[in-house]
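The values are calculated or read from the model by the stated rules, or taken from the named source; none is laboratory data. Computed from a predicted structure; not experimentally measured. Neighbour counts run over all protein chains shown; Cβ positions are idealised from the backbone, glycine included.
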Amino acid sequence: MRILVCGGAGYIGSHTCVALAGRGHQVVIADSGVNSSSRVMQRLQRLVGAPLSMHRVDVRDRRAMAALFATYRFDAVLHFAALKAVGDSCRRPLDYFDNNIGGTIALLQVMQEAGVRRLVFSSSATVYGDPSQVPVREDAALQATNPYGRTKLVAEQLIEDLCGSDPHFRAANLRYFNPVGAHPSGLIGEDPCGEPNNLMPYICQVAVGQRDRLQVFGSDYPTVDGTGVRDYIHVVDLARAHVDALEYMVGADRGFTVNLGTGRGISVLELVHAFERASGRRIPYDVVARRPGDSAEVFADPSLAHALLGWRAEHDVDAMCRDAWHWQAQNPQGYRSPLRRATTPRVQRPRAVVARLAGA
Ligand code: UFG
């Protein structure tokens, strides 16, 4: 299939482009560059082994997006393009509503005009708010506890309304838990702008010497060691889930909503210690007050994704830490670091695709 990947130069989008190409799909990226590096393209091309089309377009720019749909006949759209920092969303909610909700509306309108009726949407476990029960199932109560979460909830709802109005529109809502890690090549990974908001990139920056110490937000939660528990999922598993979801949605001709997590809760200190083992570096930390709005324990029931898609997370927390560290150690300045020789082979393409690319 020919797939438009909105936000394809970002962290999860870029890994998904590799997974799509590895399964023989043709990838066209649209990315505004607001939270991604232009240097990701060079690395993606090295990984994929073929040129990718990249367009610097904001999904809110209807005219530019319509031109893209007129140039290519897309079979489906993967929509990653969004702002994603919870704290930032509390400081500038209107920007989040405009980017994430306005962007989704604009994209859906352009898709409708072009007659493209298949969407895979990047949703988040944030739509469960502070869940009353773990593991969290897809039928748990939905609530937004911050503006970022509201944008994901509203986007899911407006996609659902569109599906209600158009019997041919199919959408897959993928609710991510806590994506971490990087491609094992060390060529692509997470490169946050400024101070990281999330635990794993913060740990990575401490390990590489860019930050002195980690702050552990609270040690008095009713959890295994008092620190917050989350469901960390390797970004390569998450990327594969997008391709599985896309292919299932098209093959079965139906939309769905699934959690994407491992089903296993890991505490902050468990992650810190796993990272220390994987990297051989010590991660000094201070325990400070709880971060407002944080839940004690959030982890997925991922069984629906397995039942529908046959998908299951394969990487454990050691692999997540190993690959996160490999990326950070090879690229201490993220994408601003010089490009080194790749240490693992390119993605394996199916034989038929190799033959097609070779002109057979
Ligand atoms: N934490 C620290 N120190 C830090 C950063 C985080 O102790 O410097 C702790 C948090 O308190 C929490 C855990 O590490 O217990 C994970 O925090 P993250 O910020 O990495 O992740 P969250 O679970 O808070 O949030 C993430 C995404 C959100 C998304 C949510 C969905 O950042 O966008 O998962 O469940 F909405």
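Residues of segment 171-189 being in a loop (DSSP other than H, G, I, E, B) and under 19 Å from Ile283 (Cα atoms), which ones?
Gly181, the sole residue that qualifies.
Evaluate the following for Gly209: is it assigned to a loop (DSSP other than H, G, I, E, B), away from the ligand (no atom under 12 Å from the Cβ) and out of contact with any Gly (no Cβ under 6 Å at 6 or more places or on another chain)? Even if it seems obvious, please write down each step before you answer.
On the way: assigned to a loop (DSSP other than H, G, I, E, B): yes; away from the ligand (no atom under 12 Å from the Cβ): yes; out of contact with any Gly (no Cβ under 6 Å at 6 or more places or on another chain): yes.
When the stated conditions are applied, Gly209 passes them.
Only one of (1) more than 15 Å from the ligand (Cβ to nearest atom); (2) touching a helix residue (DSSP H, G or I) at 6+ places or on another chain (Cβ under 9 Å); (3) over 17 Å from His79 (Cβ atoms) is not met by Gly255, so which one is it?
(3)
Look through Phe69, Phe97, Phe74, Phe121 and report the one residue that is assigned to a strand (DSSP E or B) and either crowded, with 22+ Cβ neighbours inside 10 Å or not aliphatic (A, V, I, L, M) (or both).
Every option except Phe121 fails the conditions.
Please go through segment 171-188 and give me each residue that is buried (at least 20 other Cβ atoms within 10 Å of the Cβ) and not small (Gly, Ala, Ser), ordered by number.
Asn173, Leu174, Arg175, Tyr176, Phe177, Asn178, Pro179, Val180, His183, Leu187, Ile188
Only one of these conditions is not met by Ala241: (1) surrounded by fewer than 23 Cβ atoms within 10 Å (Cβ to Cβ); (2) in contact with a Phe, Trp or Tyr (Cβ under 6 Å, 6 or more places away or on another chain). Which number is it?
(1)
When segment 296-310 is examined, which residues are found to be out of contact with any strand residue (DSSP E or B) (no Cβ under 9 Å at 6 or more places or on another chain) and farther than 30 Å from Val250 by Cα?
Within segment 296-310, none qualify.
Specify which of the listed residues (Asn198, Asn178) is near the ligand (Cβ under 9 Å from one of its atoms), within 15 Å of the chain's Cα centre (by Cα) and without any contact (Cβ under 8 Å) to a residue 40 or more places away in the chain.
Only one candidate qualifies: Asn198.
Among the residues of segment 323-346, is any under 30 Å from Glu138 (Cβ atoms) and at pLDDT 95 or above?
yes
Look through segment 136-164, keep the residues that are among the small types (Gly, Ala, Ser) and not in a helix (DSSP H, G or I), and return whichever of them is surrounded by the most Cβ atoms within 10 Å (Cβ to Cβ).
Applying the filter and picking the extreme gives Ala140.
Can you spot a residue in segment 30-39 that is in a helix (DSSP H, G or I) and modelled with pLDDT of 95 or more? Spell out how you get there, then give the answer.
Looking only at segment 30-39, we keep the residues that are in a helix (DSSP H, G or I), and these are none.
No: zero hits.
Yes/no matrix, rows are residues, columns are (1) closer than 30 Å to Val243 by Cα; (2) touching a strand residue (DSSP E or B) at 6+ places or on another chain (Cβ under 9 Å); (3) without any contact (Cβ under 8 Å) to a residue 12 or more places away in the chain; (4) in a loop (DSSP other than H, G, I, E, B):
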residue: Asn259; (1), (2), (3), (4): yes, yes, no, no
residue: Gly263; (1), (2), (3), (4): yes, yes, no, yes
residue: Glu270; (1), (2), (3), (4): no, yes, no, no
residue: Phe275; (1), (2), (3), (4): yes, no, no, no
residue: Val287; (1), (2), (3), (4): no, yes, no, no
residue: Arg290; (1), (2), (3), (4): no, yes, no, yes
